[in-house]
Amino acid sequence: MRSAPTENELAALPKLHSTKAIPDGDKIIHMHFFLPGFDWYAVTFDGQDTFMGFVVVHGDPANAEYGYFSLSELQRIAHNGMKVSRDLNWEPIPARCIGIAR
């Protein structure tokens, strides 16, 4: 993985399941990971390996799914010689602002 988050950055994310009562569109996306055609948007983290967030496949935000994905999984993914990267310029925003939840 390129630009993996530090332990301090991960510790700053809300704890897993802490945003259950917040509507999906209002959930704050704290980190963005990507590979051409694929995006992982992290909302919460369990403190070890598991994120809860949105996953967009084939660049289609209308069909984004809210669910679990793991840091270790992101670190292992490679496609056509490319590794998953973290968007270092990402600023936390509500999911509805990028059209992946209403």
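Among the residues of region 27-72, those identified as among the charged types (D, E, K, R) and touching a helix residue (DSSP H, G or I) at 6+ places or on another chain (Cβ under 7 Å) are K27, D49. The single residue among A64, A95 that is more than 19 Å from A4 (Cβ to Cβ), crowded, with 19+ Cβ neighbours inside 10 Å and at pLDDT below 90 turns out to be A64.
Selection of region 67-92 for residues being at pLDDT below 95, of a type in the set (A, V, I, L, M) and either surrounded by 15 or more Cβ atoms within 10 Å (Cβ to Cβ) or touching a Leu at 6+ places or on another chain (Cβ under 8 Å) (or both) yields I77, M82. Look at region 22-44: where a residue is without any contact (Cβ under 8 Å) to a residue 40 or more places away in the chain and a partner is surrounded by 23 or more Cβ atoms within 10 Å (Cβ to Cβ), sitting 6+ places away or on another chain with Cβ atoms under 6 Å, you get A42/F51; A42/G53. When region 26-38 is limited to residues that are farther than 15 Å from S3 by Cβ and in contact with a His (Cβ under 9 Å, 6 or more places away or on another chain), the one that is surrounded by the fewest Cβ atoms within 10 Å (Cβ to Cβ) turns out to be P36.
Checking each residue in region 43-66 for being more than 18 Å from G99 (Cβ to Cβ) and either outside any strand (DSSP E or B) or over 10 Å from the mean Cα position of the chain (by Cα) (or both) picks out D46, G47, Q48, D49, T50. Any idea which residue in region 46-59 is farthest from D26 (Cα to Cα), counting only those that are touching a Gly at 6+ places or on another chain (Cβ under 9 Å) and not aliphatic (A, V, I, L, M)? Per the criteria, the residue is H58.
The values are calculated or read from the model by the stated rules, or taken from the named source; none is laboratory data. Treat the numbers as computed from the prediction; the structure is a model and nothing was measured. Neighbour counts are summed over all protein chains in view; Cβ atoms, including those assigned to glycine, are modelled from backbone coordinates with ideal geometry.
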